[in-house]
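To start, the structure under review is shown below, and the notes come after it.
The values are calculated or read from the model by the stated rules, or taken from the named source; none is laboratory data. The structure displayed is predicted, hence computed values, not measured ones. Methodologically, a virtual Cβ is constructed for each residue, glycine included, from the backbone with ideal geometry; neighbour enumeration extends over all protein chains shown. Heavy atoms of the whole protein, side chains included, go into the accessibility calculation; ligands, DNA and RNA do not. Shrake-Rupley method; radii C 1.70, N 1.55, O 1.52, S 1.80 Å.
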Amino acid sequence: MFHRVLGVHYICLIVLFLPLYLQGVEILDPGQVVYSETRTNGVVGQGVILECGPTLPDVYIWGFTKPGTDTIRAIVYNFGKGPKIQKLANDLGNLTVISNSASLSIEKLPLAAEGVYTCQALYDTLEGAKLYYYYVFLRVLVPVTNPYIVMSDSSPVEGTSVTMRCGLENGTRPINYIWEQESRESQLTTVAEIYDDNRLNVTDVNRNHTGWYRCIASNQVNQQRSDRVWLDTIFGPDQPQIDVTPYSVTERGYSALERETVSLLCQASSNPPSQYVWFYNNSQVYAGPQYTIIRILRIHTGHYACLAQNTYLNTRSRKTITLTVYYPPDGAPTCSILPVNNHTDLTLQCTWEGSIPAASLKWTPYVFGEESEGLTNITKIQKGQETANNSIFICQGSHIASNEIKRCSVRTWMPYSEPKCSAYATRNNEYLMLSCSWEGGFPRALVWWASSSGDMQGTSEENANILVLRSSATYSGKAFVCHAKHPLAKETKQCVLKLEAPVLVTQRSMMTVYEGSDAQLTCILSRNYPVTEITWFNNLKQHVNEIPKKYVLERAAAWTNLTVRETDSNKDSGHYWCSATNAVGGAEIPIMLMVKRYPMPPNISISKIIYNSRQRTDVDLEWKLQTEGNLTGFFIEHQRLPEPVKKRSNDLPWQKLAADLDHDSRHYQINSLDPTGAYAFRVTAINHHTTGNPSEIKSPADPPFNAYPAVIGAAIAGMIIATLITVLLFMYVVRNRNNNPRLHDLIFGRQNSQSRENINFPEDEGSGTAEGERSTGQPSQSASPAASMALPRPTATPTNLPPGEEPVNVTITVMASS
């Protein structure tokens with residue numbers, strides 16, 4: 001077709017040269033015609049640019065040739081007066097010419113735009129006219145649409161064949177097809193990649209081909225992915241697999257322990273899933289894949305068969321197992337160790353009963369140098385003195401019903417440290433209780449009480465023993481002995497208790513503090529058994545626990561501190577009592593507390609009290625010390641005087657305005673007072689907790705009146721106004737001296753006013769008159785006064801005038817208006 005198109009370029013040359021001839025342009029021999037071919041692709045609905053040379057030609061024509069024809073039809077031309085688009089261009093899309101070039105831009109390409117585009121370009125150069133032919137072969141591509149999958153059989157039987165086709169509504173070939181498979185486990189694999197063939201043939205289908213399939217279609221323009229289609233392969237059932245839980249295998253099959261829950265799970269690969277039926281000794285017992293026997297019994301021993309069925313293919317398979325139920329003893333062997341022979345030897349016992357057959361038991365390590373074995377129950381004697389501390393004895397039990405060896409262990413060990421003795425009394429010290437314990441150890445130790453002479457008191461007990469005695473002062477200073485015996489101990493252990501009445505001491509029997517501070521009193525128990533707490537009483541014989549905010553107690557094993565908070569000289573001075581009582585006696589000691597007052601602070605007088613403004617809301621207050629002395633601060637009080645008398649009254653309450661002022665302060669500003677009220681103030685010094693005498697009572701005075709700034713301001717303002725008026729008056733007189741000559745002479749003098757009409761040169765007067773007569777041709781009476789007024793010429797100042805008589809030169813500008 002390209003050669004056929006080239007055959008018409010001579011006709012196009014005539015068309016191109018005709019406008020140039022009409023305009024009188026001389027065309028030289030263009031020489032050889034230059035041909036250029038390009039190929040480009042466009043996409044339906046999108047845009048494409050067709051180039052016509054690198055620069056804008058003087059004359060060009062765009063032609064279009066449909067595929068399969070020889071006809072070239074013009075679509076755009078430009079003979080130097082701008083591009084002209086032909087009607088044919090409407091069938092090729094939105095066609096425009098790019099400015100400053102001959103290139104075409106086509107938007108929204110239709111399929112009809114495919115073909116050969118010929119640009120005939122004529123360039124007017126210095127060497128003459130040059131003719132170029134640009135052939136652009138445009139191919140319009142169509143994107144692939146969303147593909148879809150069509151299967152010959154979506155549920156093929158295993159071993160058959162299936163064909164899948166990837167269908168497309170539209171798309172420019174060649175098209176590449178990619179097939180993907182997604183398994184049940186969401187694993188994505190590429191099955192095949194086929195070029196320009198949309199079919200996928202699967203022969204001998206198996207269960208691995210089951211899954212989601214999609215096809216991906218792509219061409220030069222785009223790529224599209226189809227929706228997933230499920231391929232379901234029909235197969236099975238395979239030979240069933242039976243899983244027994246819990247898992248226990250014997251020579252004849254499976255075994256289970258009685259009263260356990262046994263689960264039989266049957267699984268056979270099949271699609272669709274198999275249906276299962278369970279048989280026990282050839283009798284149907286359950287339908288379903290998992291048969292569970294809750295609390296299996298020995299009567300459940302027998303043959304269990306699983307039948308798997310594929311109802312779609314009408315196929316089945318079967319498997320049978322044997323289950324034997326054993327019942328070993330429950331739990332594990334029970335071990336124990338007991339003292340014998342008056343806590344000198346040990347008895348080892350191991351028991352595991354209730355099984356068929358009987359459980360086998362044995363002790364390790366070997367007792368008495370030989371292996372101790374037996375069935376169900378075995379007992380052995382172990383010498384206490386031959387047994388090491390922390391020895392462990394293990395009893396192992398085994399049963400045919402279980403592959404696991406059951407064990408129990410027992411450890412014998414002595415109690416830690418030594419026996420511990422203690423004594424305490426019951427409420428109100430009515431009874432005395434002696435406690436002895438040797439905690440820990442296995443087996444437990446034997447404990448008993450005896451007097452210092454060796455007589456046994458009470459009975460013997462294991463681990464701990466409490467001897468109860470009635471309280472009496474006769475036990476003070478006596479001792480009681482606790483004896484403890486353990487099979488692993490070679491000798492008897494002892495601990496001794498000595499009973500003592502309490503003895504109290506103090507570090508300081510008298511304490512002196514200043515008022516307001518805390519006082520700490522100490523009481524120490526030097527001897528005390530059984531242990532009792534220290535009780536404190538204040539100077540009024542009151543129990544300090546009844547006044548918790550005033551007193552603070554700190555306790556330890558042998559001492560107690562009493563803190564008296566914020567002491568007061570009138571209330572807290574006196575004797576405080578420390579008391580302690582146990583079951584065998586009591587004691588009490590006094591401690592003297594002296595609370596002193598701080599010295600009186602010096603007296604104060606108010607040196608200045610005045611309102612700091614006419615608004616009467618803020619007061620400046622100053623004071624001074626009348627004498628020297630110790631002080632820690634000040635406080636200020638005020639009272640509002642009653643209306644309308646506004647006199648100070650002793651019945652009015654005083655209110656604190658400022659407290660805890662620093663001891664160096666001598667000035668204070670009081671703010672936010674009611675301007676309509678009257679107030680009285682006083683200042684008081686304090687020395688720690690001692691308050692001094694208040695100062696004299698004073699009320700604030702009004703601030704003095706000060707008019708000096710206002711007078712100075714008024715005087716300055718008057719001087720400025722007078723100066724302005726004088727300047728304006730002088731300006732007015734100077735500007736209006738003709739209208740007010742007397743006022744002018746009064747201010748400036750007569751000689752100054754005459755200088756206004758002083759004529760220094762005779763020709764000035766003549767020239768002025770002559771000009772007036774020449775301009776009007778008649779006397780100057782008809783001229784306006786303003787027009788006939790002549791300005792004086794500047795003259796030299798005479799030098800022979802007496803001092804003070806010098807003339808004043810005044811320049812007056814006259815504005816004439818017609």
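Annotation note: Cβ proximity below 9 Å between a residue of the range 303-325 that is farther than 28 Å from ARG252 by Cβ and without any contact (Cβ under 8 Å) to a residue 40 or more places away in the chain and a residue that is in a loop (DSSP other than H, G, I, E, B) and of a type in the set (S, T, N, Q) (sequence gap 6+ or interchain) occurs for THR311/SER274. For the range 734-763, filtered to residues that are at pLDDT 80 or above and assigned to a helix (DSSP H, G or I), the residue that is surrounded by the fewest Cβ atoms within 10 Å (Cβ to Cβ) is ARG735.
Residue by residue, here is whether (1) at pLDDT 95 or above; (2) not small (Gly, Ala, Ser) holds:
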| position | (1), (2) |
| --- | --- |
| ASP232 | no, yes |
| ASP238 | no, yes |
| SER248 | no, no |
| LEU257 | no, yes |
| LEU265 | yes, yes |
| ASN271 | no, yes |
| ARG295 | no, yes |
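For GLU193, are the conditions met, namely being open to solvent by 50 Å² or more (accessible area, probe 1.4 Å), touching a strand residue (DSSP E or B) at 6+ places or on another chain (Cβ under 7 Å), charged (D, E, K, R) and not in a loop (DSSP other than H, G, I, E, B)? Yes: the conditions hold for GLU193.
Only one entry of MET456, MET433 meets the criterion of being surrounded by fewer than 17 Cβ atoms within 10 Å (Cβ to Cβ), free of Cβ contacts under 8 Å to residues at least 12 places away in the same chain and either among the aliphatic types (A, V, I, L, M) or closer than 26 Å to ALA580 by Cβ (or both), and that entry is MET456.
May I ask you to verify whether SER526 is open to solvent by 50 Å² or more (accessible area, probe 1.4 Å) and part of a strand (DSSP E or B)? Yes. For the range 399-413, a residue qualifies if it is within 57 Å of the chain's Cα centre (by Cα), of a type in the set (A, V, I, L, M, F, W, C) and open to solvent by 30 Å² or more (accessible area, probe 1.4 Å), and the qualifying residues are ILE405, TRP413.
Does TRP449 meet the test of being over 30 Å from GLU353 (Cα atoms), at pLDDT 90 or above and aromatic (Phe, Trp, Tyr)? So TRP449 fits the description; yes. Of the strands (runs of 3 or more DSSP E) lying entirely inside the range 291-371, those containing at least 1 residues that are touching an Asp or Glu at 6+ places or on another chain (Cβ under 8 Å) and open to solvent by 30 Å² or more (accessible area, probe 1.4 Å) are 315-326, 334-340, 360-367. Within the set GLY718, GLY692, the sole residue that is at pLDDT 85 or above and surrounded by 15 or more Cβ atoms within 10 Å (Cβ to Cβ) turns out to be GLY692.
Evaluation of VAL285 against the conditions (1) farther than 14 Å from GLN309 by Cα; (2) assigned to a loop (DSSP other than H, G, I, E, B) shows that the sole unmet condition is (2). Residues in the range 50-104 that are in contact with a Ser or Thr (Cβ under 7 Å, 6 or more places away or on another chain), open to solvent by 20 Å² or more (accessible area, probe 1.4 Å) and either more than 16 Å from VAL116 (Cα to Cα) or assigned to a strand (DSSP E or B) (or both): LEU56, THR96, ILE98. Of ARG228, ARG252, all but one fail to be of a type outside the set (A, V, I, L, M), under 27 Å from SER161 (Cβ atoms) and touching a strand residue (DSSP E or B) at 6+ places or on another chain (Cβ under 7 Å); the exception is ARG228.
Give the residues of the range 573-585 that are modelled with pLDDT of 90 or more and either touching a Lys or Arg at 6+ places or on another chain (Cβ under 7 Å) or open to solvent by 10 Å² or more (accessible area, probe 1.4 Å) (or both), sorted by residue number. Answer for the range 573-585, where residues must be modelled with pLDDT of 90 or more and either touching a Lys or Arg at 6+ places or on another chain (Cβ under 7 Å) or open to solvent by 10 Å² or more (accessible area, probe 1.4 Å) (or both): SER573, GLY574, HIS575, TRP577, SER579. Of the residues making up the range 585-611, those that are out of contact with any Pro (no Cβ under 7 Å at 6 or more places or on another chain) and not hydrophobic (A, V, I, L, M, F, W, C) are GLU588, PRO590, LYS596, ARG597, TYR598, PRO599, PRO601, PRO602, ASN603, SER605, SER607, LYS608.
Taken over the range 657-668, the criterion of being outside any loop (DSSP other than H, G, I, E, B) and either open to solvent by 80 Å² or more (accessible area, probe 1.4 Å) or of a type in the set (A, V, I, L, M, F, W, C) (or both) is satisfied by LEU657, ALA658, ALA659, ASP660, LEU661, HIS667. Among the residues of the range 197-240, those identified as touching a Leu at 6+ places or on another chain (Cβ under 9 Å) and part of a strand (DSSP E or B) are VAL202, GLY211, TRP212, TYR213, CYS215, ALA217, GLN224, ILE234, PHE235. Applying the criterion of being of a type in the set (A, V, I, L, M) and open to solvent by 20 Å² or more (accessible area, probe 1.4 Å) to the residues of the range 203-250, the residue that is nearest to LYS319 (Cα to Cα) is VAL249. Only one of the numbered conditions (1) touching a strand residue (DSSP E or B) at 6+ places or on another chain (Cβ under 8 Å); (2) more than 30 Å from ASN671 (Cα to Cα); (3) among the basic types (Lys, Arg) is not met by LYS608, and that is (2). Within the range 26-59, the set of residues being in contact with a helix residue (DSSP H, G or I) (Cβ under 8 Å, 6 or more places away or on another chain) and either at pLDDT below 90 or of a type outside the set (Val, Ile, Thr) (or both) comprises ILE27, VAL33, TYR35, GLU37, GLY42. Here the condition is being within 58 Å of the chain's Cα centre (by Cα), under 29 Å from GLU418 (Cβ atoms) and open to solvent by 40 Å² or more (accessible area, probe 1.4 Å); of GLU500, GLU462, GLU533, it holds for GLU533 alone.
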